[in-house]
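Undergrad: Sharing a structure, written as structure tokens. Questions coming.
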Amino acid sequence: MGYSPRPATESANYYREGGLHPINIGDTINERYHVRNKLGFGASSTIWLVEDLTLKRFASLKVIAADVSAVSSEIHIARRLKSQQEKPDSHPGKEHVMRIFDAFVVVGPNGTHHCIVAEILGINLVEDVGEFYGDDKGHLPLDVSKRVAAQVALGVAYLHKCGIVHGDLQLKNVLFHSPKLSNASLEELTGIYEEPLLEPIGYRKDCTPVPPSVHLPREVATVPYQLPIIGLCLSSPNDIHVKICDFGEASIYRPKYRIEKPFKTRLPHILAAPEIIFGDITSPAPSMDIWALGVLLYMILHNKRTPFFSESGEDKEVVRWMAVLLGKLPDKWWTRWAERSEYFDDNDVYLWGDTQHLNLNLGGIPSEDYSEEEADAFGGLLGKIFQYEPEDRIDAEEVVRLIPRSWKGCNEKETDNGLARFHEAMNLVLW
């Protein structure tokens, strides 16, 4: 039977055998994690603000749906990452990957669920937070974007050092962070996260309430309003800090491991390397992360615009822009590209106009925002990342080395004025 979901809450349909684990505010999970609030939800997991009764601290708890848990390696990646993070390591990228505290399994009425406890993070890069710096279009100040780009590259370098291929590098999996979230008291967290609204699990399409069931929580909690969290994470432009999270598509890198069938990934193809689009990858490798990292860096620095654009979402459009911006693909893909004739003639000449004005800066870096040195450096970096053959791409450590040194810092002049307007407008008091 179908149900009508309520706004800002998950659908009752997600709670079923094989689905989400029913959790209520006030529950204690694994005899240790007391549920205080809800941080997020989806069809494949719920995320909760929990109090660790053993270590007397607060954390986030991700509880994965049973059917996803049965096929996902996320808990194994989390345990691997936790083990690596507990080792003494001065790698600067360690601070730009979500810290894992615990990973365990719970069994409930809907099946067996993988659970991951991690530090509390803020909002992701998809959100239009630029308005809080005075930009009515939601764009981050360029100095902040440069810093974010450099930190993301550092985080990827650390993951690869740990032998982990992320597999899903995109804006939604990079989150802002404030140490105050992890070190806060219950009273302070109550000031950041409003009390959850508890609502009926839902209604049938005939408007009658969904009846109680062992498969359902007693009620559903809404996700808190995000504005205080945004203000907390962005309160000091010079201390902007982001972390890579969500390891649902991640893999342990095994150089000699191969599978018989093409490797499958849910990474959107606007971020995917050509070997993924053409189904020629036999195992997850750091090189596929490097391509996605290049697209992600471009999007961070170009207000979320992607270089290999596809309005229709079709692969042919993505491949088209690869060919236009980077040149002809290797013959093994060029000859297999079924829609090639829509864009190129028999002599491989582009049919849709002159492309000479396009270059490896992929859309052009505005001269008023970047120095000539930065423009050359970024264009050169993209050229080393966007190599068609995986073995020709630079590794993550080289990406970090080639990022302009100035991007490691932040000029507060541009960002402070906008933030002051934000604080004044919202009357937000940050502790």
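The values are calculated or read from the model by the stated rules, or taken from the named source; none is laboratory data. Small disclaimer: the values here were computed from a predicted structure and weren't measured. Cβ sites come from the backbone with ideal geometry, for glycine too, and all protein chains shown count toward neighbours. Side chains included, ligands, DNA and RNA excluded: accessible areas come from the protein's heavy atoms. Shrake-Rupley method; radii C 1.70, N 1.55, O 1.52, S 1.80 Å.
Undergrad: Taking the condition of being more than 20 Å from Leu186 (Cβ to Cβ) and either touching a Gly at 6+ places or on another chain (Cβ under 7 Å) or crowded, with 16+ Cβ neighbours inside 10 Å (or both), how many residues in the stretch 45-72 meet it?
TA: 11
Undergrad: Can you confirm whether Lys328 is surrounded by 11 or more Cβ atoms within 10 Å (Cβ to Cβ), without any contact (Cβ under 8 Å) to a residue 60 or more places away in the chain, touching a helix residue (DSSP H, G or I) at 6+ places or on another chain (Cβ under 8 Å) and in a helix (DSSP H, G or I)?
TA: no
Undergrad: Same structure, new question: Could you tell me which numbered condition Tyr158 fails, if it satisfies all but one of (1) at pLDDT below 95; (2) open to solvent by less than 10 Å² (accessible area, probe 1.4 Å); (3) hydroxyl-bearing (Ser, Thr, Tyr)?
TA: Condition not satisfied by Tyr158: (1).
Undergrad: In the set Val97, Val126, which member is surrounded by fewer than 15 Cβ atoms within 10 Å (Cβ to Cβ) and out of contact with any Ser or Thr (no Cβ under 8 Å at 6 or more places or on another chain)?
TA: Just a single option satisfies the conditions, and that option is Val126.
Undergrad: Right, here's the next one. What about Gly191, is it open to solvent by 30 Å² or more (accessible area, probe 1.4 Å), over 24 Å from Ile403 (Cβ atoms) and of a type in the set (Gly, Ala, Ser)?
TA: yes
Undergrad: Of the residues Pro255, Pro228, which is part of a helix (DSSP H, G or I) and surrounded by fewer than 21 Cβ atoms within 10 Å (Cβ to Cβ)?
TA: From the options Pro255, Pro228, the qualifying one is Pro228.
Undergrad: Restricting the search to the stretch 113-128, which residues are touching a residue at least 24 places away in the same chain (Cβ under 8 Å) and either on the phi > 0 side of the Ramachandran plot or charged (D, E, K, R) (or both)?
TA: Taking the stretch 113-128 and keeping what is touching a residue at least 24 places away in the same chain (Cβ under 8 Å), we get 113-127.
Residues satisfying the conditions are Glu119, Glu127.
Undergrad: Residues that are open to solvent by less than 10 Å² (accessible area, probe 1.4 Å), in a loop (DSSP other than H, G, I, E, B) and under 29 Å from Pro404 (Cα atoms): does the stretch 273-286 have at least one?
TA: Checked against the condition, which is being open to solvent by less than 10 Å² (accessible area, probe 1.4 Å), in a loop (DSSP other than H, G, I, E, B) and under 29 Å from Pro404 (Cα atoms), the stretch 273-286 yields at least one hit.
Undergrad: Just to be sure I understand the filter: pairs with C-beta atoms under 7 Å, separated by 6 or more residues or on different chains, first member in the stretch 71-97 and touching a residue at least 40 places away in the same chain (Cβ under 8 Å), second member assigned to a helix (DSSP H, G or I) and among the polar types (S, T, N, Q). Which pairs pass?
TA: Lys94/Gln85; His96/Gln151
Undergrad: As an exercise: evaluate Cys233 against (1) within 30 Å of Trp407 (Cα to Cα); (2) open to solvent by 30 Å² or more (accessible area, probe 1.4 Å) and give the number of the one condition it does not meet.
TA: (2)
Undergrad: Ok, one more. Can you name every residue in the stretch 211-225 that is in contact with a strand residue (DSSP E or B) (Cβ under 6 Å, 6 or more places away or on another chain), farther than 26 Å from His177 by Cβ and in a loop (DSSP other than H, G, I, E, B)?
TA: Narrowing the stretch 211-225 to residues in contact with a strand residue (DSSP E or B) (Cβ under 6 Å, 6 or more places away or on another chain): 219-221, 223.
So of that shortlist, the ones also farther than 26 Å from His177 by Cβ come out as 219-220.
Matches in the stretch 211-225: Glu219 only.
Undergrad: Quick check: is even one residue across the stretch 49-57 over 20 Å from Pro179 (Cβ atoms), touching a strand residue (DSSP E or B) at 6+ places or on another chain (Cβ under 7 Å) and hydrophobic (A, V, I, L, M, F, W, C)?
TA: Checked the stretch 49-57: at least one residue is over 20 Å from Pro179 (Cβ atoms), touching a strand residue (DSSP E or B) at 6+ places or on another chain (Cβ under 7 Å) and hydrophobic (A, V, I, L, M, F, W, C).
Undergrad: Pull out all pairs, ordered by first then second residue, where Cβ-Cβ is under 6 Å, the residues are six or more apart or on different chains, the first lies in the stretch 162-176 and is in a helix (DSSP H, G or I), and the second is not charged (D, E, K, R).
TA: Hits for this filter: Leu171/Leu125; Leu171/Val126; Lys172/Asn124; Lys172/Val126; Asn173/Cys245.
Undergrad: Moving on to the next point. Could you list all residues from the stretch 207-225 that are open to solvent by 60 Å² or more (accessible area, probe 1.4 Å) and modelled with pLDDT of 85 or more?
TA: Taking the stretch 207-225 first, the residues open to solvent by 60 Å² or more (accessible area, probe 1.4 Å) are 207, 209, 212, 214, 218-219, 225.
Within the stretch 207-225, Pro212, Val214, Arg218, Glu219 qualify.
Undergrad: Test of understanding: among Asn37, Asn24, which residue is closer than 29 Å to Glu188 by Cβ, touching a Phe, Trp or Tyr at 6+ places or on another chain (Cβ under 8 Å) and either modelled with pLDDT of 95 or more or not in a loop (DSSP other than H, G, I, E, B) (or both)?
TA: The unique qualifying residue is Asn37.
Undergrad: Just need a number here: residues in the stretch 9-27 that are open to solvent by 20 Å² or more (accessible area, probe 1.4 Å) and more than 13 Å from Ala65 (Cα to Cα).
TA: Residues flagged as open to solvent by 20 Å² or more (accessible area, probe 1.4 Å) and more than 13 Å from Ala65 (Cα to Cα) within the stretch 9-27 amount to 3.
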